[in-house]
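Each remark here refers to the structure printed beneath this line.
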Amino acid sequence: MAVVSKLNNLVDLAREKSSERRRTLLREVTDLFFDEPPGRDTEVSKQFDDVLSALAEQTAQEARAELSERFSDSPLAPKGLVLKLAQDAIEVAAPILAKSTVLEEKDLLSIAETGEQTHLKAISQRETVSERISDTIVRRGDDHTVATLVRNEGAKISHQTFEAVSERAENSAVLQEPLVERSDTPNDILADLMLTVENRLRDRIVERFDEVDPSVLEQAMEASRQRLAARLEEDREIEEARKYIRSQQVRRQLNGSLLARLLREREFMRFHVGFSEMTGVDLVAARRAIEQDCIDPLALICKAAGFDKALFVTLAVLRSAANAEAFNDAKELGRLYDKITLEDSERAMRFWRMRRDVAA
């Protein structure tokens, strides 16, 4: 076979010690491979694999990167070579990880379990990503890597993994928009996010919900409510707080002053229950509104409940997520509150009240 003869001649030349000559040989062997591609799993294919792998190990990173780019979209690329390149520095590995169909799921899983964030991100950009690989990337990846995965509509994501991303998104703006904009994000996950995201993204969720059958949406709201409620403290603490708030109601002392005092004294569970009672949102929504960095949910709920601007600003600067600089931002918080219309707040509250009603 002519191709084998040419390959053997090139192998003999590979004993050259010059790095530049080895790089030239690598290109020549690669050209020979693409001029007369061998069948998969044939003896000739194995010979190419051995020669290319050996030459690649002896050449500079730049040459290996060139090799990776050439073989990245070849379905007949030698498996051993592809695996070596996939585990190389990201400058070499990226094209293979992002495009090569020679890599099997088990190969990608192995790299995802041990690779750097850059390797995980490259895998996240593949045309298709299996659920198992997505699970691994979400478990090991940082927020930017996970955001890359979620933006990839070709990545299959299990409901359990959606839940994990949603929980992380509570404190990560990087993850919120990809989840909201992804076409197959489950409705109950979007319901989770309504309690977290800024108004722009909340409006997008509301738009999506407007197209959902009311009975389906009600089920999604209930699933979200149950899941998020499970993350709260033990029922004993909640029940104690409810008894306390009921006693304040009887005394006609459940008001803005009480809420501010509870928050100032760090009586968080009592505050959450009292805030929930005064605003008409469920306990999870009340807690999320006061604990997260994003101020928008708190502002919307307060506006819909008819709280005056002074009370909103007080709660905003006292909330657990606020830092020492928040007290210097009172005027800005007030301006933000003034910009919110009752129509804006009522539109969001329609869905928060649905969460409360399905729990009743």
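Take the stretch 304-329 and flag every residue that is modelled with pLDDT of 70 or more and open to solvent by less than 40 Å² (accessible area, probe 1.4 Å).
Correct list: 304, 305, 307, 311, 312, 313, 315, 316, 317, 318, 319.
With the stretch 116-230 as the region, which helices (runs of 4 or more DSSP H) entirely inside it contain at least 3 residues that are farther than 20 Å from residue 298 by Cα and of a type outside the set (D, E, K, R)?
117-124, 131-140, 143-151, 159-169, 173-181, 214-229
Please enumerate the residues belonging to the stretch 186-207 that are within 15 Å of residue 350 (Cα to Cα) and open to solvent by 40 Å² or more (accessible area, probe 1.4 Å).
Across the stretch 186-207, the qualifying residues are 199, 203, 204, 207.
Assess whether residue 55 counts as being within 40 Å of the chain's Cα centre (by Cα), at pLDDT below 85, assigned to a helix (DSSP H, G or I) and crowded, with 21+ Cβ neighbours inside 10 Å.
Here the answer is yes, as residue 55 does meet what is asked.
Taking the options 21, 64, 15, name whichever one is of a type outside the set (A, V, I, L, M, F, W, C) and modelled with pLDDT of 85 or more.
So the residue among 21, 64, 15 that is of a type outside the set (A, V, I, L, M, F, W, C) and modelled with pLDDT of 85 or more is 64.
When the residues of the stretch 35-46 are filtered to those that are open to solvent by 50 Å² or more (accessible area, probe 1.4 Å) and either within 39 Å of the chain's Cα centre (by Cα) or of a type in the set (S, T, N, Q) (or both), which remaining residue is modelled with the highest pLDDT?
Ranking the qualifying residues of the stretch 35-46, first place goes to 42.
What are the pairs with Cβ atoms under 6 angstrom where one residue, in the stretch 62-91, is without any contact (Cβ under 8 Å) to a residue 60 or more places away in the chain and farther than 18 Å from residue 111 by Cα and the other, located anywhere, is basic (Lys, Arg) and part of a helix (DSSP H, G or I)? Sequence gap at least six, or different chains.
63/23; 73/99
The values are calculated or read from the model by the stated rules, or taken from the named source; none is laboratory data. Here the structure is a predicted model, which is why all the values come from computation and not from measurement. Ideal geometry is used to build each Cβ from the backbone, glycine not excepted, and the neighbour counts take in all protein chains shown. Note: areas computed on protein heavy atoms with side chains; ligands, DNA, RNA excluded. Shrake-Rupley method; radii C 1.70, N 1.55, O 1.52, S 1.80 Å.
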